[in-house]
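Q: Structure incoming, see below.
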């Protein structure tokens, strides 16, 4: 009775193959059902693969599929061109960055002004890193009187 209920719960294709056979134990029935299920699944997979190959061969004569293949090829060409352009731009950017990094990063310029007395000497300094002018002041040092 347990074996009959097990067979009723299987797929119809398996039921027809196992229904009128006798098995010594429930485990043997399960093993046979698993083997048949795997064999049927393999047969279905093979038939699907064969149908795909057949569709490909027929597709070469089908104009609708030919248009799709052509559109995919054009799309692939566009993607390859964009990838090449992007790679070229990336190489140019890297070359520019390397060039900029090889140059000195910070430079200070001291313009030549008229000399002022030591106590009031100021110098304008341009910093290229910050793009600003700064006033460099020298504060006179006071001497201690003993």
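Every number here is computed from the coordinates shown, using simple stated rules; none is lab data. Everything quoted here is computed from the prediction, not taken from an experiment.
Q: So what's the Cα pair-distance distribution over the stretch 21-102, bin width 10 Å, in %?
A: 14, 17, 15, 15, 14, 14, 8, 3, 1
Q: Between residue 11 and residue 79, what is 0.36 nm times their sequence separation minus the Cα-Cα distance? Round to one decimal in nm. Kindly include the intermediate steps, with their values, before the conclusion.
A: On the way: separation 68, 0.36 × 68 = 24.48 nm, distance 4.69 nm.
Gain on stretching residue 11 to residue 79: 19.8 nm.
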